[in-house]
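Working notes for the structure below.
The values are calculated or read from the model by the stated rules, or taken from the named source; none is laboratory data. Being a predicted model, the structure only gives us computed values, none of them experimental. Neighbour counts run over all protein chains shown; Cβ positions are idealised from the backbone, glycine included. SASA here: full protein model, heavy atoms, side chains in, ligands and nucleic acids out. Shrake-Rupley method; radii C 1.70, N 1.55, O 1.52, S 1.80 Å.
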Amino acid sequence: RFAHRGGYANGPENTVETILYNIQQGVSAVEIDVMLTKDNELILFHDKTVERVLQADSAIEVSDLTLKEIKQWPLRKTNSGTQYVASLNELIDTLVQLIPQNGINDFILEIDFKPYGGSVKTGVRALTDIIDRHKASIGDGIYNYFFISTFYPGVLKELHLQEPKINTAFAVHNS
């Protein structure tokens with residue numbers, strides 16, 4: 001079972017709470033969308049602008065905001081209570097604790113990487129920094145739990161240059 005945008009059929013899209021709920025319901029793969037903020041933080045977010053997802057009234061681009069600024073607005077979808085945008089760090093910190101404690105061995109995270117408006121090198125470096133931080137305790141087995149997908153060939157090239165052990169997938173539009 002695969003959950004798109006963190007499993008948004010069961011809660012707000014790309015939130016830690018929704019992702020955890022889906023894992024508890026037996027989902028074994030979760031796709032999340034990751035974007036780079038103005039202060040080079042990776043966040044769980046799908047759209048280029050904030051107005052559809054957040055309680056914001058203007059079409060501000062995610063890449064023009066810092067993580068702190070984005071976290072000022074709650075998500076529009078409130079059927080699961082008030083939630084805010086999470087950083088990729090927050091999600092990975094949670095999953096690294098949750099998965100081994102619950103004996104989940106067949107879980108995989110698809111990170112749909114969207115470096116809109118930011119530097120590809122900076123975004124990939126932020127991603128590899130997160131991986132490196134957890135690789136120290138998990139080892140190379142960390143690469144079995146995720147892969148990076150993207151619509152941007154330059155991202156795949158930079159990922160391969162910075163960390164060739166990362167599993168990647170090139171996403172295409174079906175037209």
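Data for the structure
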{"quantity": "Conditions (1) within 15 Å of the chain's Cα centre (by Cα); (2) under 29 Å from residue 60 (Cα atoms); (3) free of Cβ contacts under 8 Å to residues at least 24 places away in the same chain; number of the one not met by residue 116", "calculated": "(3)"}
{"quantity": "Failed item, numbered, when residue 5 is tested on (1) crowded, with 17+ Cβ neighbours inside 10 Å; (2) over 26 Å from residue 124 (Cα atoms)", "calculated": "(2)"}
{"quantity": "Qualifying residue in segment 93-101 (condition: within 16 Å of the chain's Cα centre (by Cα) and not in a helix (DSSP H, G or I))", "calculated": "no"}
{"quantity": "Within segment 15-45, tally of residues that are under 15 Å from residue 67 (Cα atoms), open to solvent by 30 Å² or more (accessible area, probe 1.4 Å) and under 15 Å from the mean Cα position of the chain (by Cα)", "calculated": "2"}
{"quantity": "Where residue 68 falls short, out of the listed (1) crowded, with 17+ Cβ neighbours inside 10 Å; (2) among the basic types (Lys, Arg); (3) over 19 Å from residue 150 (Cβ atoms)", "calculated": "(1)"}
{"quantity": "Close pairs (7 angstrom Cβ cut-off, 6 or more residues apart or separate chains): in contact (Cβ under 8 Å) with a residue 12 or more places away in the chain and surrounded by 10 or more Cβ atoms within 10 Å (Cβ to Cβ) in segment 156-175, acidic (Asp, Glu) and assigned to a helix (DSSP H, G or I) anywhere", "calculated": "165/140"}
{"quantity": "Per-region count, segment 61-93, residues touching a residue at least 40 places away in the same chain (Cβ under 8 Å) and under 18 Å from residue 126 (Cβ atoms)", "calculated": "12"}
{"quantity": "Of all residues making up segment 46-65, the number that are in a loop (DSSP other than H, G, I, E, B) and open to solvent by 20 Å² or more (accessible area, probe 1.4 Å)", "calculated": "10"}
{"quantity": "In segment 119-172, the residues that are part of a loop (DSSP other than H, G, I, E, B) and closer than 20 Å to residue 63 by Cα", "calculated": "119, 151, 152"}
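Listed here are the residues, each with its yes/no results for (1) out of contact with any strand residue (DSSP E or B) (no Cβ under 8 Å at 6 or more places or on another chain); (2) open to solvent by less than 80 Å² (accessible area, probe 1.4 Å); (3) modelled with pLDDT under 90.
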| residue | (1), (2), (3) |
| --- | --- |
| 75 | no, yes, no |
| 83 | no, yes, no |
| 87 | no, yes, no |
| 121 | yes, no, no |
| 131 | yes, yes, no |
